[in-house]
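The values are calculated or read from the model by the stated rules, or taken from the named source; none is laboratory data. Treat the numbers as computed from the prediction; the structure is a model and nothing was measured. All Cβ positions, glycine included, derive from the backbone under ideal geometry; neighbour counts span all protein chains shown.
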Amino acid sequence: MTGDLEGQWPLFGLQMKMGDVSLSPVREVDLPALARMLPADAEQDPTSSMLNGLSIEENRRRILAQSYWRSWASWTVESWYIFFRVTAGGRMVGIQTLEAEHFPALRTVDSSSWLVADARGKGIGVAMRTAMLALAFDHLGADAAVTSAREDNLASIGVSRHLGYQDNGTSKSLSPSGPCVLLHMILHRDSWLSSRQGTTVEVRGLDACAPWFGVEIVPQARVLPNRKRRIPERAAT
Ligand SMILES: CC(C)(COP(=O)(O)OP(=O)(O)OC[C@H]1O[C@@H](n2cnc3c(N)ncnc32)[C@H](O)[C@@H]1OP(=O)(O)O)[C@@H](O)C(=O)NCCC(=O)NCCS
């Protein structure tokens, strides 16, 4: 272990790359820019409490920062949560999260994501979720990935369907606009592996993180040249 922060906390050195889209853990220095970018439709934890005296936007920015700090502070081998900053064409455009509860036993990951408005609809949502899934399935040995979205969130559901997630039931949930129906979806390891969707994702810096995940890390699989799959060339500037 070296004396610098990356040596003490090797998760900071993790990086996934798919075409022009890169993911690396959010650092504290990113928070002001991410807070400015945070779109009104990015879903937040419905259990988060709101502070009186702050506007909705100020509360949402506070919750983003507090959730980020909590994610590192509460890390255990069993349960962990990573906020990845997403860049496309070198420009920061949003967040992709990856989380797990009792991962060594359950081998199931969950995720959430958001993009700034002008980066949407260009395949970046698919690319960042693919990068996250490659880390989970191909390197951490996940058995399943689950996700949930409001049933009217066609973009989020579109990303999941594109990647082969199957419907896995519905539930009612509370949202700032009142009760809503959540669609739950699941992607199993066999489907992911047979689709070979992870073969264009490059993962770096994972070896040093092995003790943090408590599972055997699978070495980098060969990254194949891009084939027919749509990978964003360049994000809007
Ligand atoms: C969800 C989100 C991250 C998706 O990213 P994106 O870059 O817009 O999605 P993509 O361009 O990769 O599109 C993914 C798929 O969904 C489809 N899709 C995208 N937007 C759609 C829409 N509004 N209606 C219907 N389908 C849509 C696309 O056609 C594509 O499917 P295909 O590749 O099979 O044709 C982004 O739209 C977003 O930030 N939304 C607001 C925040 C949010 O809702 N986050 C998810 C909740 S956890």
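Before moving on, here are some points about what is shown:
- Those residues of the stretch 148-172 which are within 7 Å of the ligand (Cβ to nearest atom) and either surrounded by fewer than 18 Cβ atoms within 10 Å (Cβ to Cβ) or part of a strand (DSSP E or B) (or both), in sequence order: Ala149, Asn153, Leu154, Ala155, Gly158, Arg161, His162
- When residues of the stretch 123-147 are limited to those that are out of contact with any helix residue (DSSP H, G or I) (no Cβ under 6 Å at 6 or more places or on another chain) and farther than 18 Å from Met16 by Cβ, the one farthest from the ligand (Cβ to nearest atom): Ala144
- Residue, modelled with the lowest pLDDT, within the stretch 5-21, restricted to residues that are among the aliphatic types (A, V, I, L, M) and assigned to a helix (DSSP H, G or I): Leu5
- Checklist (1) within 15 Å of the ligand (Cβ to nearest atom); (2) assigned to a helix (DSSP H, G or I); (3) surrounded by 13 or more Cβ atoms within 10 Å (Cβ to Cβ); (4) of a type outside the set (A, V, I, L, M, F, W, C) applied to Asp118, failing item: (3)
- Only one of the numbered conditions (1) in contact (Cβ under 8 Å) with a residue 12 or more places away in the chain; (2) more than 24 Å from Val215 (Cα to Cα) is violated by Gly90, and that is (1).
- Scope the stretch 27-56; condition within 16 Å of the ligand (Cβ to nearest atom), modelled with pLDDT of 95 or more and part of a loop (DSSP other than H, G, I, E, B); matching residues: Leu38, Pro39
- Residues of the stretch 166-195 classified as more than 30 Å from Met50 (Cβ to Cβ), in contact (Cβ under 8 Å) with a residue 12 or more places away in the chain and not β-branched (Val, Ile, Thr), total: 10
- Of the residues making up the stretch 62-87, those that are free of Cβ contacts under 8 Å to residues at least 60 places away in the same chain and of a type in the set (Ser, Thr, Tyr) are Ser67, Tyr68, Ser71, Ser74, Thr76, Ser79, Tyr81.
- Among residues of the stretch 1-55 being without any contact (Cβ under 8 Å) to a residue 60 or more places away in the chain and among the basic types (Lys, Arg), the one that is nearest to Gly90 (Cα to Cα) is Arg27.
- When we screen Val26, Val77 for residues that are more than 30 Å from Pro179 (Cβ to Cβ), among the aliphatic types (A, V, I, L, M), surrounded by 13 or more Cβ atoms within 10 Å (Cβ to Cβ) and touching a strand residue (DSSP E or B) at 6+ places or on another chain (Cβ under 6 Å), the only hit is Val26.
- Checked against the criteria, Val86 counts as within 16 Å of Gln15 (Cβ to Cβ) and either surrounded by 22 or more Cβ atoms within 10 Å (Cβ to Cβ) or more than 10 Å from the ligand (Cβ to nearest atom) (or both).
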